[in-house]
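The values are calculated or read from the model by the stated rules, or taken from the named source; none is laboratory data. None of the values given here were measured: they were computed from a predicted structure. Don't worry about glycine lacking a Cβ; one is built from the backbone with ideal geometry, like all the others, and counts go over all protein chains shown.
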Amino acid sequence: MRIGELARRAGVSPRALRYYEQQGLIRARRTANGYREYSEADLKLVTEIRSLLTVGFTLEDAKPFVACLRAGHESGADCPESVEVYRRKLAEIDDEIRALLVRRAEVAGQLSTACPGCVLTKQEKT
């Protein structure tokens, strides 16, 4: 399939596909007239990349998942390198949550100081 069809089926722009190609995540074959040509396997790669990006992974994070799929695995998560990326990302998210909880407590404290008589709503208390 050509780049436009892959873009439409994957729900991305042709520009994004060219960028993924520049980053080494997908590889287009070239026809005699120079058009990019993609396969169903490329659609699976792009779908994997998009699903990872949607939940906060970077293109760099996606590389082990793409390599895993290229190696013939059914899922990009079937390889130890991908599992390690999941673990690292979860640790990053946990760190972000802890930092947000600290910031939240600081802002709630500042609100209490600024407005001693104010009653915090249930949402503000948690």
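Can you say whether Ser82 is surrounded by fewer than 16 Cβ atoms within 10 Å (Cβ to Cβ), in a helix (DSSP H, G or I) and of a type in the set (Ser, Thr, Tyr), as far as the supplied structure shows? So Ser82 does not fit the description; no. For the stretch 21-74, a tally of residues being under 17 Å from the mean Cα position of the chain (by Cα) and assigned to a loop (DSSP other than H, G, I, E, B) returns 8.
State yes or no: is Asp61 out of contact with any His (no Cβ under 9 Å at 6 or more places or on another chain) and touching a residue at least 12 places away in the same chain (Cβ under 8 Å)? Taking the combined requirement at face value, the residue satisfies it. Restricting attention to the stretch 55-79, the residues that are loosely packed, with under 12 Cβ neighbours inside 10 Å and among the hydroxyl-bearing types (Ser, Thr, Tyr) total 1. Quick one: would you say Ile97 is farther than 17 Å from Thr47 by Cβ, out of contact with any helix residue (DSSP H, G or I) (no Cβ under 7 Å at 6 or more places or on another chain), among the β-branched types (Val, Ile, Thr) and touching a residue at least 24 places away in the same chain (Cβ under 8 Å)? In short, no.
Considering the stretch 104-126 alone, what residues qualify as being surrounded by 10 or more Cβ atoms within 10 Å (Cβ to Cβ) and either under 25 Å from Thr58 (Cα atoms) or at pLDDT below 85 (or both)?
Scanning the stretch 104-126 gives Cys118, Leu120, Glu124.
The C-beta contact set for the stretch 102-113 (first residue in a helix (DSSP H, G or I), second residue modelled with pLDDT of 95 or more, distance under 9 angstrom, 6+ apart or interchain) is empty.
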